[in-house]
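Worksheet: one structure, shown below.
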Amino acid sequence: MVDRLDPDPEIPPSFEPDPRSTFKSQKRRLLEAFERGYLIRLMILFGGNVSRAAKAAGKERRDLGKLLKRHGLGSRQFAQTSETQREKTSVD
């Protein structure tokens, strides 16, 4: 028996069930959104260093590279983010 019928507050409203699409398509959309968000945060954290990011994620570097490519993300676009963060930290 389910004690709580409230939707999980962690799931964004855009992922509420849509009776016009299948479970499989909604699951794929949610998984893609999770992957992309995770990859972006991971690459920002490691300043675009794919090897370090892969190690932290518990993935092979090649597999992480494939995921980045699938989501249209490149390591170079995160290198500047890391530099900017280091500059802000050293100024403070």
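Residue 31: net charge of surrounding residues, Cβ under 14 Å, Lys/Arg +1, Asp/Glu -1, itself excluded?
Values: positive: 24, 27, 28, 29, 36, 70; negative: 32, 35.
Net local charge, residue 31 excluded: +4.
With a sphere of radius 13 Å drawn around the Cβ of residue 22, what net charge do the other residues whose Cβ falls strictly inside it have (Lys, Arg +1; Asp, Glu -1)?
Values: positive: 20, 24, 27, 28, 29; negative: 18.
With Lys, Arg at +1 and Asp, Glu at -1, the net is +4.
What nm value, rounded to one decimal, do you get for the distance between residue 23 and residue 61 when each label is placed 7 Å out toward the C-beta?
4.1
Readers should treat all values here as calculations from the given coordinates under stated rules, not as data from a laboratory. Only a predicted model underlies this, so the values are computations on that prediction, with no experimental measurement involved. As a convention, Cβ positions derive from the backbone with ideal geometry for all residues, glycine included, and neighbour counts pool all protein chains shown.
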